[in-house]
Amino acid sequence: MNIKKVTFRNADMTWDMAALVMLPDGFDESKRYPTMISVHPFGSCKEQTSSAVYGKALAELGYVVIAFDASFQGESGGFPRYVEDPTQRVEDISRVIDYAMTIPYVDETRIGGLGICGGGGYIINSALTEKRLKAVVGITPVNVGRLFREGFSLYNPIGALEAMAAQRTAEVRGAELQVNELLPPSLEFAKENGLTERDVFEATDYYKTPRGQTEGGATRMLFSHAQKTLSWDAFAFAETLMTQPVMAVVGQKVGAFGAFRDGQEIYGRAVASKDRQLVDLKNWSHYELYDHPEAVGQAMEKVATFLAEHLK
């Protein structure tokens, strides 16, 4: 497998997007390949699970893979930094597909998408209107809007919106930007403070240790610019607009971030899909599906069959 680091900018953009283009073994530039857009989780970056785990596995199956950094995050441009805007995250996917359309070895009739965690919600939402995507997979997909309205706002979304409004006003008047760290700084801190809920603890184990810690994977959010997240729904109008094949892979070891529930929801709502599949893995959790070899192997066995049917 060969990996190329690229940057690109569409005509309507004011910043560059950064991506890794992953080429399968035996790559022949004169041929055209099925291509997967790989979308990183909320608070992550392209060097983590979206390329190093799932991107690698997809390239080994013969796909060209484009794993990219979201706008305002990682090595992509955009200011202020650490903005998590679902509408922008979904627009990023279309811009990456635009870029793919300029690559001669990409088969434009065989483009799919895979996203992990929040990236799973984003790729599913993108497919509702982005019909250049022919099939999509959410690995332990999370509806970020639902998560913000519930756990991330302590079930007080109006209070969160009022606090964001006040902070944005303060910042435009010269106050320092409020960048929230979304996780405990270490496993030891989490244990000492009783932060041992499965998803919080396992996220800390992934993002705050050498297991998954990467410079661009910030796990930070600019608080004052997160308002629109609370009114966003990854699965809005899925009953009508999700016509492409869609697969959700979830683990039965349930955590507070809600991927098990969200995967079941999109499966239930995607009634217009040509092929909807729910893969329910008994022994695995949300973050084990990021990089645990056995969990990823079980997921990819199902994903490989699904994509082979719809993209090859």
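The values are calculated or read from the model by the stated rules, or taken from the named source; none is laboratory data. This one's a predicted model, so the numbers in the text were calculated from it and none came from an experiment. Virtual Cβ from ideal backbone geometry, glycine too; neighbours counted across all protein chains shown. SASA here: full protein model, heavy atoms, side chains in, ligands and nucleic acids out. Shrake-Rupley method; radii C 1.70, N 1.55, O 1.52, S 1.80 Å.
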Check: Out of all the residues in the range 77-103, which are among the basic types (Lys, Arg) and either in a loop (DSSP other than H, G, I, E, B) or over 18 Å from the mean Cα position of the chain (by Cα) (or both)?
Finding: Arg81
Notebook entry, point to check: For the range 247-267, how many residues are under 18 Å from Tyr122 (Cα atoms) and surrounded by 14 or more Cβ atoms within 10 Å (Cβ to Cβ)?
Noted result: 14
Notebook entry, point to check: For the range 111-133, which residues satisfy the criterion of being closer than 19 Å to Phe68 by Cα and either assigned to a loop (DSSP other than H, G, I, E, B) or open to solvent by 10 Å² or more (accessible area, probe 1.4 Å) (or both)?
Noted result: Cys117, Asn125, Glu130, Arg132, Leu133
Note to self: Any residue that is in contact with a Lys or Arg (Cβ under 7 Å, 6 or more places away or on another chain), open to solvent by 40 Å² or more (accessible area, probe 1.4 Å), in a loop (DSSP other than H, G, I, E, B) and modelled with pLDDT of 95 or more - is there at least one of those in the range 68-76?
What the structure shows: no
Next item on the list: Give the number of residues within the range 144-202 that are in contact with a Lys or Arg (Cβ under 9 Å, 6 or more places away or on another chain) and among the acidic types (Asp, Glu).
Entry: 1
Margin query: For the condition at pLDDT 95 or above, closer than 30 Å to Thr305 by Cβ, exposed (fewer than 15 other Cβ atoms within 10 Å of the Cβ) and of a type in the set (Asp, Glu), what is the one hit in Asp25, Asp92?
Written below: Asp25
Note to self: Can you tell me which residue is most open to solvent (accessible area, probe 1.4 Å) among those in the range 270-312 that are over 14 Å from Gly251 (Cβ atoms) and in a strand (DSSP E or B)?
What the structure shows: Arg276
Check: Are any residues in the range 250-265 among the β-branched types (Val, Ile, Thr), assigned to a loop (DSSP other than H, G, I, E, B) and in contact with an Asp or Glu (Cβ under 7 Å, 6 or more places away or on another chain), and if so, which ones?
Finding: none
Margin query: Let me spell it out: the conditions are (1) touching a strand residue (DSSP E or B) at 6+ places or on another chain (Cβ under 6 Å); (2) open to solvent by less than 10 Å² (accessible area, probe 1.4 Å); (3) not hydroxyl-bearing (Ser, Thr, Tyr), and Ile97 meets all of them except one. Which number is the exception?
Written below: (1)
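A quick yes/no check of all residues on (1) of a type in the set (Lys, Arg); (2) touching a residue at least 40 places away in the same chain (Cβ under 8 Å):
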site	(1), (2)
Pro184	no, no
Phe189	no, no
Gly194	no, no
Asp205	no, yes
Lys208	yes, no
Ala218	no, yes
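Do you know which of the residues in the range 78-89 that are open to solvent by less than 20 Å² (accessible area, probe 1.4 Å) and in contact with a Ser or Thr (Cβ under 7 Å, 6 or more places away or on another chain) is farthest from Pro41 (Cα to Cα)?
Here the residue is Gly78.
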Item checked: Considering residues of the range 134-146 that are in a helix (DSSP H, G or I) and within 14 Å of Ala238 (Cβ to Cβ) only, the residue least open to solvent (accessible area, probe 1.4 Å) -> Gly145
Next item on the list: Return the pairs, sorted by first residue and then second, in which the second residue is open to solvent by 10 Å² or more (accessible area, probe 1.4 Å), the first residue lies in the range 285-312 and is among the β-branched types (Val, Ile, Thr), the beta carbons are less than 7 Å apart, and the residues are 6+ apart or on different chains.
Entry: Val296/Val53; Val296/Ala57
Checklist line | Members of the range 162-178 that are surrounded by fewer than 15 Cβ atoms within 10 Å (Cβ to Cβ) and outside any loop (DSSP other than H, G, I, E, B) | finding: Glu162, Ala165, Ala166, Thr169, Ala170, Val172
Check: Among the residues of the range 193-246, which ones are assigned to a loop (DSSP other than H, G, I, E, B), open to solvent by less than 40 Å² (accessible area, probe 1.4 Å) and out of contact with any Asp or Glu (no Cβ under 7 Å at 6 or more places or on another chain)?
Finding: Thr209, Gly217, Ala218, Trp232, Ala234, Ala236, Met242, Gln244
